[in-house]
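Okay, so here's the structure we're looking at.
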Amino acid sequence: MKRTIFRLFCIAVALLCGLSLAACRSSAADTVVAEWKGTKITLGQLFDELDYQFYFSGTEEGLTEQTLLEAAAAQLNTLIAYYTALEKAEELGLDGLSGEEQAAILEEVSADLENGRQYYTETLCEQNGALSDAQLEALVEAAMQEAGYSEQALCAHYTEAAIYEHIFSYCTDALTLSTDELQAGVSNLAEQARETYATDPDRYDYDQLLDATIYYTPAHVRRIKHILIALTEEDAEAVSAAYAAENTEEGDALLAEALEHIRGEAEEVYARVQLDPGKFDEILQELTDDPEAADNPDGYFVRESSAMYSPAFLKAAFALQTEGELSGLIATSSGYHILRLEEIVPEGPTDLEDVADAAYETLLQQKKEAAFQENIRAWQEGISIRTYPSRYKAAVKERYAELLS
């Protein structure tokens, strides 16, 4: 379960969005919204989880009042489950930490505090102009204290997280997947991917970009390698600035001039490739200006309607008909490209053996999560857990009013 407590990114994003995290420290934020036995969950804790969901995870798109309140209820249930697990860990004697774990927590806390100070130092300098060192230090410490970004709070968070991992491992470490479960799971993942790419074709491009496991390949995908002869840095900056200012005519003129500057070099590289096409990979490694080439030794999986590649690049890629075929010099705003078709990738599920290891980890984790939730539900039987929707509904709608508008 992913939890957060005043982490740097949440603070930064919340501040940029105009939220006052000091509100989480107000008396209203200490309002109890759920309780059982001696455990209480406050509105401030619920805000922390929703802040993470909406301002860091980016799940606020299409938010309505109904979905906002549903999200709040879901996050409250997640908090209840979390603290139920922590209570069970204490009952089973799993709440102790080793010296190694304690040292790791102190390292995490130290790094978080340093990152927090750095963020606030930069932000407050921008907001306030010239400040003495003493003034700046005082403002930074006050801002961090106001946000609850303290060593004590962070230690508590990481300690809870470690204890949660103890009880999770205790309940799930013995679980495995059978061959049948793996095969069925991969089939489900492939079908989910097919449906996702059908409704959101760009998602395939992002999955490739993020090096996600590809369980299904949509139609019209080719694997391409290319050698890039890039614009000079000075020319690239000028072209980019013109286009960014929406001066298309000027940008086009600057690009044409920039391409002419590197035309001779590009023709020399192309001549080497034509002279010995079998050395394409060797020449690529030696001469390409593509900064991502080393991270993509097998090339790029290019979708015909991708928004991540220029129209000229895509046209050239899909004009190639046979594996190993080379393009001519293809001009884009990046420079000149020489493309080689590596593979016309067939549409359909990825072969099991190619995704088995990644799928096993994903599916096993899903199985563990499901089993652990069953454990939590069993632990909650017989416990009278009281929640108070009336205490958080209005506050949640007020806090996230901008997202609703």
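From the list THR121, THR42, the one residue that fits, being in contact with an Asp or Glu (Cβ under 9 Å, 6 or more places away or on another chain), surrounded by 15 or more Cβ atoms within 10 Å (Cβ to Cβ), farther than 30 Å from PRO389 by Cα and polar (S, T, N, Q), is THR121.
Restricting attention to region 139-168, report how many residues are among the polar types (S, T, N, Q) and within 25 Å of the chain's Cα centre (by Cα).
1
Within region 239-282, the set of residues being farther than 14 Å from SER334 by Cβ, within 34 Å of the chain's Cα centre (by Cα) and surrounded by 14 or more Cβ atoms within 10 Å (Cβ to Cβ) comprises just one member, ALA242.
You will find that of ASP351, ASP357, the residue that is under 24 Å from the mean Cα position of the chain (by Cα) and over 30 Å from GLU234 (Cβ atoms) is ASP357 and no other.
Filtered by the rule that a residue be touching a helix residue (DSSP H, G or I) at 6+ places or on another chain (Cβ under 9 Å) and either among the hydrophobic types (A, V, I, L, M, F, W, C) or modelled with pLDDT under 95 (or both), region 162-182 gives ALA162, ILE163, ILE167, PHE168, CYS171, LEU175, LEU177, LEU182.
Using beta carbons and a limit of 8 Å, which pairs, at least six apart or on different chains, have the first residue in region 315-327 and part of a loop (DSSP other than H, G, I, E, B) and the second one among the small types (Gly, Ala, Ser) and surrounded by 13 or more Cβ atoms within 10 Å (Cβ to Cβ)? Between residues of region 315-327 that are part of a loop (DSSP other than H, G, I, E, B) and residues that are among the small types (Gly, Ala, Ser) and surrounded by 13 or more Cβ atoms within 10 Å (Cβ to Cβ), the close pairs are LEU320/SER327. When the criteria are applied in full, TYR309 fails the requirement of being under 21 Å from ALA230 (Cα atoms), out of contact with any helix residue (DSSP H, G or I) (no Cβ under 9 Å at 6 or more places or on another chain) and of a type outside the set (S, T, N, Q).
Those residues that are among the polar types (S, T, N, Q) and either touching a residue at least 12 places away in the same chain (Cβ under 8 Å) or surrounded by fewer than 12 Cβ atoms within 10 Å (Cβ to Cβ) (or both), I need them from region 151-184; list them, please.
Listed by number, the residues that qualify are GLN152, THR159, THR172, THR176, SER178, THR179, GLN183.
Considering (1) in a helix (DSSP H, G or I); (2) hydrophobic (A, V, I, L, M, F, W, C); (3) modelled with pLDDT of 65 or more, the lone condition that ILE41 does not fulfil carries the number (1).
The values are calculated or read from the model by the stated rules, or taken from the named source; none is laboratory data. Worth saying up front: this structure is predicted, and the values here are computed from it rather than measured. Positions of Cβ are backbone-derived with ideal geometry, glycine not excepted, and every protein chain shown enters the neighbour counts.
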